[in-house]
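Undergrad: This is the structure I have questions about; it appears just below.
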Amino acid sequence: MSLVCLTDFQAHAREQLSKSTRDFIEGGADDSITRDDNIAAFKRIRLRPRYLRDVSEVDTRTTIQGEEISAPICIAPTGFHCLVWPDGEMSTARAPEGLRWFQLYVHPDLQLNKQLIQRVESLGFKALVITLDTPVCGNRRHDIRNQLRRNLTLTDLQSPKKGNAIPYFQMTPISTSLCWNDLSWFQSITRLPIILKGILTKEDAELAVKHNVQGIIVSNHGGRQLDEVLASIDALTEVVAAVKGKIEVYLDGGVRTGNDVLKALALGAKCIFLGRPILWGLACKQGEHGVKEVLNILTNEFHTSMALTGCRSVAEINRNLVQFSRL
């Protein structure tokens with residue numbers, strides 16, 4: 001079967017994976033309204049191409065946090081890659097070239113956070129991403145029905161031959177008391193730029209600027225946390241307007257095509273992050289090879305979208321390229 005777009009990978013992955021694993025990857029919170037709207041919201045945006053421009057050379061390169069990347073397409077933090085491929089996150093990490101950022105769920109024990117942050121800083125990671133939208137786990141009905149929290153163990157994160165099966169969700173408590181004022185402590189222990197993941201409102205975007213962080217990832221956790229919040233692309237405009245160019249803004253949630261990448265950049269994102277499609281790639285095409293293919297397909301589509309809208313560089317992508325439809 002020839003896989004030519006990201007939805008092809010999704011369909012093929014569904015055939016390869018067990019029901020409980022499919023449900024874990026694809027599932028959203030409650031009625032999955034936000035999960036579905038993440039994708040639908042992109043389709044409500046129309047492109048306004050410009051023609052008679054020399055697009056014989058199109059450059060997809062851009063920068064994030066002062067570092068050059070080959071295209072504004074990155075890999076979002078997602079969990080339990082070993083559910084779909086034995087080497088799991090190791091294969092995912094081997095697939096892309098470029099920067100490494102570290103995503104942190106804040107542990108109640110600050111010393112554990114400190115040790116972890118100092119370790120990844122010494123390993124050359126370029127940014128610290130603090131996820132904000134998970135003080136408690138969202139109501140993921142499929143996982144509850146499948147008793148995933150009881151059955152998912154640390155052995156799912158390593159070789160199936162290894163033992164020590166300890167329930168994973170008992171091993172990783174997440175702080176429920178994290179507040180804006182706590183950010184100063186993180187800033188005191190690391191020189192890494194701090195990116196806040198999970199912001200959806202202008203009020204929180206303004207607070208992020210006030211607390212001197214370096215970036216925001218507009219995200220609703222793939223619709224897996226609080227249902228019936230804004231689709232990420234719908235929240236993006238509000239957040240971009242609120243920060244007034246003082247910090248960089250990125251986006252995850254619902255990106256499936258090169259046009260989606262273009263739309264996100266036109267509305268002010270510096271880059272996008274892919275979540276579920278990376279797992280589809282792992283499942284379909286022998287680990288890292290599938291991840292590379294997913295990234296290559298999306299990058300090629302984005303290159304085509306740029307050429308067909310008259311954009312020769314990422315700097316030429318702007319708000320005039322899009323308009324919102326009433327579909």
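Undergrad: Comparing Asp23, Asp227, Asp54, which has the greatest mean-square fluctuation in the GNM of the chain with Cα pairs linked when under 10 Å apart?
TA: Asp54
Undergrad: Here's another thing I want to ask about it. With equal scatterers on the alpha carbons only and no solvent term, can you work out the Debye log10 of I(q)/I(0) for the range 175-286 at 0.11, 0.20 1/Å?
TA: Scattering profile of the range 175-286, log10 relative to I(0): -0.38, -1.08.
Undergrad: Calculate log10 I(q)/I(0) of the range 10-127 for q = 0.13, 0.19 Å⁻¹, where I(q) comes from the Debye formula with a single equal point scatterer on each Cα and nothing for solvent.
TA: The computed values of log10 I(q)/I(0) come out as -0.89, -1.29.
Undergrad: Roughly speaking, what is the centre-to-centre gap between the range 250-292 and the range 16-65 when only Cα atoms are used, to the nearest Å?
TA: Spelled out, the Cα-based centre of one part sits 6 Å from the other.
Undergrad: Which chymotrypsin sites (Phe, Trp or Tyr not before Pro) in the range 44-115 sit in a loop by DSSP (not H, G, I, E or B) and have at most 11 other Cβ atoms within 10 Å of their own Cβ? Don't skip to the answer; put the middle values down first.
TA: Values: sites: Tyr51, Phe80, Trp101, Phe102, Tyr105; in loops: Tyr51, Phe80, Tyr105.
Of the chymotrypsin sites (Phe, Trp or Tyr not before Pro), the ones in loops of the range 44-115 whose Cβ has at most 11 other Cβ atoms within 10 Å are Tyr51.
Undergrad: If you don't mind, another one. On the Cα set of the range 191-245, report Rg and Dmax in Å, please.
TA: 11.1, 36
Undergrad: What figure in square angstrom, to the nearest 10, would you give for the accessible area of Thr304 with a 1.4 Å probe?
TA: Accessible surface of Thr304 is approximately 70 Å².
Undergrad: Let me ask another. List the GluC sites (Glu not before Pro) within the range 1-91 that DSSP assigns to loop and that have no more than 13 neighbouring Cβ atoms inside 10 Å. Don't skip to the answer; put the middle values down first.
TA: Details: sites: Glu15, Glu26, Glu57, Glu67, Glu68, Glu89; in loops: Glu57.
Qualifying residues, ordered by number: Glu57.
Undergrad: Please report, largest first and rounded to whole Å, the three semi-axes of the ellipsoid equivalent to the range 271-327, where each semi-axis is the square root of five times an eigenvalue of the C-alpha gyration tensor.
TA: Details: eigenvalues 156, 41, 17 Å².
Value: 28, 14, 9 Å, ordered largest first.
Undergrad: With only alpha-carbon atoms in the gyration tensor, what are the semi-axes of the equivalent ellipsoid for the range 223-327, in Å, largest first? Walk me through the intermediate numbers first.
TA: On the way: eigenvalues 116, 73, 31 Å².
Computed over the range 223-327, the values are 24, 19, 12 Å.
Undergrad: Nearest 5 is fine: what % of DSSP beta bridges in the chain come out antiparallel, could you say?
TA: Details: 7 of 29 bridges.
Antiparallel bridges make up about 25 percent of those DSSP assigns within the chain.
Undergrad: In addition: Per residue Cα convex hull volume for the chain, in cubic angstrom? Show your work: numbers first, answer last.
TA: Details: hull volume 46.2 nm³, N = 327.
Cα convex hull per residue, to the nearest whole number: 141 Å³.
Undergrad: Still on this model: Arrange the residues Cys311, Cys179, Cys137 by how much accessible surface each exposes, largest first, with a 1.4 angstrom probe. Before the final figure, lay out the partial values.
TA: Values: Cys311 0, Cys179 80, Cys137 50 Å².
In descending accessible area the options line up as Cys179, Cys137, Cys311.
Undergrad: What part of the accessible area of the chain, given as a whole %, is carbon or sulfur when the probe is 1.4 angstrom?
TA: Details: 8100 of 16150 Å².
Carbon-and-sulfur percentage of accessible area, whole number: 50.
Undergrad: Here's something else I'd like to know. How large is the accessible surface of Ser70 in square angstrom, using a 1.4 angstrom probe and rounding to the nearest 10?
TA: 90 Å²
Undergrad: May I pose another question? Given the Cα-Cα distance of Glu203 and Arg119 and 0.36 nm per residue of separation, how much length would full extension add, in nm?
TA: Numbers: separation 84, 0.36 × 84 = 30.24 nm, distance 3.27 nm.
Full extension of this stretch gives 27.0 nm more.
Undergrad: Considering only protein heavy atoms, with the full assembly of protein chains and a 1.4 angstrom probe, order Leu230, Leu123, Leu6 by accessible area, largest first. Could you put the intermediate results ahead of the total?
TA: Working: Leu230 80, Leu123 115, Leu6 0 Å².
Result of the area sort, largest leading: Leu123, Leu230, Leu6.
Undergrad: Also: For Asp109 and Lys43, what is the calculated FRET efficiency with R₀ set at 41 Å and r taken between the beta-carbons, to the nearest 0.05?
TA: Values: r = 44 Å, r/R0 = 1.07.
Given R0 = 41 Å and the Cβ-Cβ separation, E is 0.40.
Undergrad: Solvent-accessible area per residue for the range 1-129 at a 1.4 Å probe radius, Å²?
TA: With the other protein chains kept in place, the range 1-129 gives 55 Å² per residue.
The values are calculated or read from the model by the stated rules, or taken from the named source; none is laboratory data. These figures come from a predicted structure and were not determined experimentally. Backbone-built Cβ (ideal geometry, glycine too); neighbour counts: all protein chains shown. Accessible surface is based on the protein model in full, side chains and every heavy atom, while ligands, DNA and RNA are left aside. Shrake-Rupley method; radii C 1.70, N 1.55, O 1.52, S 1.80 Å.
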